[in-house]
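**Q** For reference, the structure I am asking about is given below.
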Amino acid sequence: MRTLIEHLDVAFLVDADDTILRDASIVIESDRITDIGIAAEVAARQKATKFDAVIDGRMKAICPGFIDSHVHLSETLARAVFPDNLNTRAWVFHWAKPFYAHITEEDEYWGSLLGITEMLRAGTTCFLDMGSQYDPGIIVKAMEMTGIRGITGRHAADNPPNEMPRGWTDEMVRHHFFPNAKVALAELEACVRKYNGALGGRARCWVNIEGKEPCTLELHVGARKLSEQLGVGTTYHLATSIEEAKVCESKYGCWPLTRLNKEGGFGKNLVIAHCVAVADEEVAILSKNGVKVAFCPCSSLKLGKGAAAIGKYPEMIAAGVTVGLGTDGVAAAGNLNLMRQMLIVGGLFKDARIKPDALVARQALRAATIEGAKALMWDDEIGSLEIGKKADFVLFDLDHIEWTPFYDPLQALVFSASSASIVQTWVDGVAVFRDDKVMGVDEREIRRKARELAAAAVERAGLHREGIPTTTTLYDRGN
């Protein structure tokens, strides 16, 4: 199948020069971009080419598909369930864990389908998922139905608390916490060998762990080493809040990044989710070791993680650290829309630092695309619009009110546009979202099923009752 989209008003290439073209055309052959450039130049090069489809790109803009560097698909049924007055540790231990304790494999499948449809509608073409509570095949099945690209894994931890909090169950502890790091890593290796490269390469599987207090130092270090041996990546949560950093300092005499670095736990195939509580000297540690970071702005705002107050993301970028954007789960962020994250990151540090050039629109777009691709170790194929790369992209309707009028396309994309003006999302050379529908699935049935399953899960978990703690001392001492 050979397709020409011609005379696009705007094309954001997000290449090394951050090129933006006016009156551009793109040629797609099967799943790859085979030509892109100024329309007249492409026409001259392709004058002898016969196309199976020619699409009029007038009043359209094209940009690379957005790449979500950190998401929890197994959490999607928890939208708007947890209160918004929780810090990160209370949120995890007294709300998220009870929810995870009471979701089934069926819940996870339908929740993943729901989350993926939301992402495709918002232009996200690839994601890094923290992993299934049961088996990565659940996520892979949802990916197969929708045509999206992504990385998943098997959620793993090995350090349960001494006291089981309200809402946790013995069954959850058995499937959530492995007996030790060795057993956990053996299972994670089996998952990688079974699922990595599935769906013709659209699905990848990594050695993912939860990170932080629920994981031993041995599991943190071992996950990265094992993933390196397997030729894949690993991701975990670390330095997610000042509370976590203070607990770590009281127990070990240093902040989380320094502790892991002392044990040789860092490397180029690691993506740290959140990475908010970072000391000045730790920025250099990340840069030296090639560690990638997934910043989740909406999650930081809702949980008060402190990105604007103590976050070092502009400093990380300046030091050469790859910083991608993530949404986190919908319970923490409220949405799986990377365009919202891009807007926030484009303005947050300007305001917090009273410095208008602290982090600009060009960097925000890169974080949502090519930098995310680098974090996922997939930038050889995705993240920018260049010849030879996968045909993963988003088409915007420039006749939409959000784009009317505009002079600078980049300012319009980051600060004016939203997912409301997205008309198509393409993955592997196929329009998987078009005509206001995600192809291959019944979205109305997905939403109906999700409402039904979510209500039952919330009731089973007791999250509708009064008296659930909004603070925690779990892991403060011991473990």
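The values are calculated or read from the model by the stated rules, or taken from the named source; none is laboratory data. What you see is a predicted model, and the numbers here were worked out from it, not measured in a lab. Quick reminder, even Gly has a Cβ in these numbers, built from the backbone with ideal geometry, and neighbours come from all protein chains shown.
**Q** Going by the conditions given, is Asp35 under 25 Å from Glu459 (Cβ atoms) and acidic (Asp, Glu)? Reasoning before the result, please.
**A** On the way: under 25 Å from Glu459 (Cβ atoms): no; acidic (Asp, Glu): yes.
The answer is no for Asp35.
**Q** Continuing with this model, one more query. Identify, from the list Asp379, Asp399, the residue that is surrounded by fewer than 23 Cβ atoms within 10 Å (Cβ to Cβ), under 16 Å from the mean Cα position of the chain (by Cα), over 30 Å from Val458 (Cβ atoms) and of a type outside the set (A, V, I, L, M, F, W, C). Before you say what the answer is, go through the steps one by one.
**A** Working: Asp399 fails: under 16 Å from the mean Cα position of the chain (by Cα).
Answer to the check: Asp379.
**Q** While we're looking at this one, here's another question. Return the residues of segment 384-434 that are over 22 Å from Ile36 (Cα atoms) and among the acidic types (Asp, Glu); say none if nothing qualifies.
**A** Asp399, Glu402 - these are the residues of segment 384-434 that are over 22 Å from Ile36 (Cα atoms) and among the acidic types (Asp, Glu).
**Q** Regarding Gly334, is this residue surrounded by fewer than 19 Cβ atoms within 10 Å (Cβ to Cβ) and either within 22 Å of His72 (Cβ to Cβ) or among the basic types (Lys, Arg) (or both)? It would help to see each step written out before you state the result.
**A** Values: surrounded by fewer than 19 Cβ atoms within 10 Å (Cβ to Cβ): yes; either within 22 Å of His72 (Cβ to Cβ) or among the basic types (Lys, Arg) (or both): yes.
Considered against the rule, which asks whether it is surrounded by fewer than 19 Cβ atoms within 10 Å (Cβ to Cβ) and either within 22 Å of His72 (Cβ to Cβ) or among the basic types (Lys, Arg) (or both), Gly334 comes out as yes.
**Q** A follow-up question, please. Does Leu128 satisfy the criteria of being closer than 19 Å to Gly197 by Cα and outside any helix (DSSP H, G or I)? Step through it out loud before you land on a result.
**A** Details: closer than 19 Å to Gly197 by Cα: yes; outside any helix (DSSP H, G or I): yes.
Spelling it out, Leu128 is indeed closer than 19 Å to Gly197 by Cα and outside any helix (DSSP H, G or I).
**Q** List the pairs whose first member sits in segment 199-213 and is closer than 12 Å to Phe127 by Cα, whose second member is aromatic (Phe, Trp, Tyr), and whose Cβ atoms are under 7 Å apart, counting only residues at least 6 apart or on separate chains?
**A** Going by the 7 Å Cβ cut-off, the qualifying pairs are Ala203/Tyr195; Cys205/Tyr195.
**Q** Given the condition acidic (Asp, Glu), buried (at least 20 other Cβ atoms within 10 Å of the Cβ) and within 16 Å of Ser74 (Cβ to Cβ), answer yes or no: does some residue in segment 197-211 qualify?
**A** Narrowing segment 197-211 to residues acidic (Asp, Glu): 210.
Okay, now just the ones that are also buried (at least 20 other Cβ atoms within 10 Å of the Cβ), so 210.
Add one more test, that the residue is within 16 Å of Ser74 (Cβ to Cβ), and what stays is 210.
So far as segment 197-211 goes, yes, one or more of its residues are acidic (Asp, Glu), buried (at least 20 other Cβ atoms within 10 Å of the Cβ) and within 16 Å of Ser74 (Cβ to Cβ).
**Q** Would you point out which residue out of Tyr100, Tyr134 is farther than 17 Å from Val330 by Cβ, in contact (Cβ under 8 Å) with a residue 40 or more places away in the chain, among the aromatic types (Phe, Trp, Tyr) and out of contact with any Pro (no Cβ under 7 Å at 6 or more places or on another chain)? Break it down into steps so the answer makes sense when it comes.
**A** Numbers: Tyr100 fails: farther than 17 Å from Val330 by Cβ.
Tyr134 is the lone residue from the list that is farther than 17 Å from Val330 by Cβ, in contact (Cβ under 8 Å) with a residue 40 or more places away in the chain, among the aromatic types (Phe, Trp, Tyr) and out of contact with any Pro (no Cβ under 7 Å at 6 or more places or on another chain).
To keep it simple, each residue is scored yes or no on (1) in a loop (DSSP other than H, G, I, E, B); (2) touching a strand residue (DSSP E or B) at 6+ places or on another chain (Cβ under 6 Å); (3) more than 24 Å from Ile354 (Cβ to Cβ).
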| position | (1), (2), (3) |
| --- | --- |
| Ala273 | no, yes, yes |
| Val278 | yes, no, no |
| Ala284 | no, no, yes |
| Ser287 | no, no, yes |
| Ala294 | no, yes, yes |
| Cys298 | no, no, no |
| Lys302 | no, no, no |
| Lys305 | yes, no, no |
| Ala308 | no, no, no |
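Results for (1) without any contact (Cβ under 8 Å) to a residue 40 or more places away in the chain; (2) in the same structural domain as His94 (by TED's automatic domain parsing); (3) of a type in the set (S, T, N, Q); (4) surrounded by 20 or more Cβ atoms within 10 Å (Cβ to Cβ), shown as yes or no for each residue.
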{"site": "Thr404", "(1), (2), (3), (4)": "yes, no, yes, no"}
{"site": "Leu413", "(1), (2), (3), (4)": "no, no, no, yes"}
{"site": "Ala417", "(1), (2), (3), (4)": "no, no, no, yes"}
{"site": "Trp426", "(1), (2), (3), (4)": "no, no, no, yes"}
{"site": "Val430", "(1), (2), (3), (4)": "no, no, no, no"}
{"site": "Leu453", "(1), (2), (3), (4)": "no, no, no, yes"}
{"site": "His464", "(1), (2), (3), (4)": "yes, no, no, no"}
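**Q** With part of a loop (DSSP other than H, G, I, E, B), assigned by TED's automatic domain parsing to the domain that holds Thr76 and touching a residue at least 40 places away in the same chain (Cβ under 8 Å) as the only criterion, which of Pro161, Pro179 stands out?
**A** Details: Pro179 fails: touching a residue at least 40 places away in the same chain (Cβ under 8 Å).
After applying the criteria, what remains is Pro161.
**Q** When Val360 is evaluated against the numbered criteria (1) touching a residue at least 12 places away in the same chain (Cβ under 8 Å); (2) more than 18 Å from the chain's Cα centre (by Cα); (3) within 27 Å of Leu4 (Cβ to Cβ), which criterion, by number, is the only one it fails?
**A** Going through (1) touching a residue at least 12 places away in the same chain (Cβ under 8 Å); (2) more than 18 Å from the chain's Cα centre (by Cα); (3) within 27 Å of Leu4 (Cβ to Cβ) one by one, Val360 breaks only (3).
**Q** Working carefully through the options Ser300, Ser287, find the one that is surrounded by 23 or more Cβ atoms within 10 Å (Cβ to Cβ) and either under 27 Å from Asp129 (Cβ atoms) or not assigned by TED's automatic domain parsing to the domain that holds Thr369 (or both). Let's see the steps before the verdict.
**A** Details: Ser287 fails: surrounded by 23 or more Cβ atoms within 10 Å (Cβ to Cβ).
None of the other options fit; the residue is Ser300.
**Q** How many residues are farther than 14 Å from Ala239 by Cβ and either surrounded by fewer than 17 Cβ atoms within 10 Å (Cβ to Cβ) or touching a Leu at 6+ places or on another chain (Cβ under 8 Å) (or both) if we restrict to segment 316-328? It would help to see each step written out before you state the result.
**A** Within segment 316-328, the first condition is being farther than 14 Å from Ala239 by Cβ, and the residues that meet it are 317-320, 322, 324-328.
Those left that are additionally either surrounded by fewer than 17 Cβ atoms within 10 Å (Cβ to Cβ) or touching a Leu at 6+ places or on another chain (Cβ under 8 Å) (or both): 317-320, 324-327.
Number satisfying all stated conditions: 8.
**Q** Next up: For segment 261-284, how many residues meet the condition of being over 23 Å from Gly131 (Cβ atoms), small (Gly, Ala, Ser) and either in contact with a Leu (Cβ under 8 Å, 6 or more places away or on another chain) or not assigned by TED's automatic domain parsing to the domain that holds Ser241 (or both)?
**A** 1
**Q** In segment 214-232, which residue that is in contact (Cβ under 8 Å) with a residue 12 or more places away in the chain and part of a loop (DSSP other than H, G, I, E, B) is farthest from Arg477 (Cα to Cα)?
**A** The qualifying residue farthest from Arg477 (Cα to Cα) is Val232.
**Q** Now, a different point. Just to check your reading of the model, which residue among Tyr407, Tyr475 is of a type in the set (Phe, Trp, Tyr) and under 30 Å from His94 (Cβ atoms)? Spell out the reasoning first.
**A** Working: Tyr407 fails: under 30 Å from His94 (Cβ atoms).
The conditions single out Tyr475.
**Q** Follow-up question, since we're still on this one. Take the residues in segment 98-125 that are part of a helix (DSSP H, G or I) and among the hydrophobic types (A, V, I, L, M, F, W, C); name whichever of them is modelled with the lowest pLDDT. Give the derivation first.
**A** Keep residues of segment 98-125 that are part of a helix (DSSP H, G or I), which gives 98-101, 105-121.
Cutting the leftovers down to among the hydrophobic types (A, V, I, L, M, F, W, C) gives us 99, 101, 110, 113-114, 116, 119-120.
Values: Phe99: 92, Ala101: 89, Trp110: 98, Leu113: 98, Leu114: 98, Ile116: 98, Met119: 98, Leu120: 98.
Only one residue tops the list, namely Ala101.
**Q** Now for a separate question. Does Asp56 satisfy being surrounded by fewer than 24 Cβ atoms within 10 Å (Cβ to Cβ), in the same structural domain as Glu243 (by TED's automatic domain parsing) and either at pLDDT below 95 or among the charged types (D, E, K, R) (or both)?
**A** Values: surrounded by fewer than 24 Cβ atoms within 10 Å (Cβ to Cβ): yes; in the same structural domain as Glu243 (by TED's automatic domain parsing): no; either at pLDDT below 95 or among the charged types (D, E, K, R) (or both): yes.
In short, no.
**Q** Residue pairs, Cβ under 7 Å, 6 or more apart or interchain, first in segment 23-43 and surrounded by fewer than 21 Cβ atoms within 10 Å (Cβ to Cβ), second modelled with pLDDT under 95. List them.
**A** What qualifies is Ser30/Met1.
**Q** Looking only at segment 346-391, how many residues end up being among the basic types (Lys, Arg) and within 24 Å of Thr125 (Cα to Cα)? Talk me through it step by step, then tell me what you get.
**A** Filtering segment 346-391 down to residues among the basic types (Lys, Arg) leaves 350, 353, 355, 362, 366, 374, 389-390.
Next, from what is left, pick out any that are within 24 Å of Thr125 (Cα to Cα): 362, 366, 374, 389-390.
Adding up the residues that qualify gives 5.
**Q** Take Arg448 and tell me if it is modelled with pLDDT under 95 and out of contact with any helix residue (DSSP H, G or I) (no Cβ under 7 Å at 6 or more places or on another chain).
**A** Details: modelled with pLDDT under 95: no; out of contact with any helix residue (DSSP H, G or I) (no Cβ under 7 Å at 6 or more places or on another chain): yes.
When the stated conditions are applied, Arg448 does not pass them.
**Q** Next question, about the same structure. Tally time: how many residues in segment 42-97 are within 26 Å of Arg166 (Cα to Cα) and not in a strand (DSSP E or B)? Break it down stepwise before answering.
**A** Going residue by residue through segment 42-97, those that are within 26 Å of Arg166 (Cα to Cα) are 71-97.
The next check asks that each one be not in a strand (DSSP E or B); those that pass are 72-97.
Going through segment 42-97 one residue at a time, the tally reaches 26.
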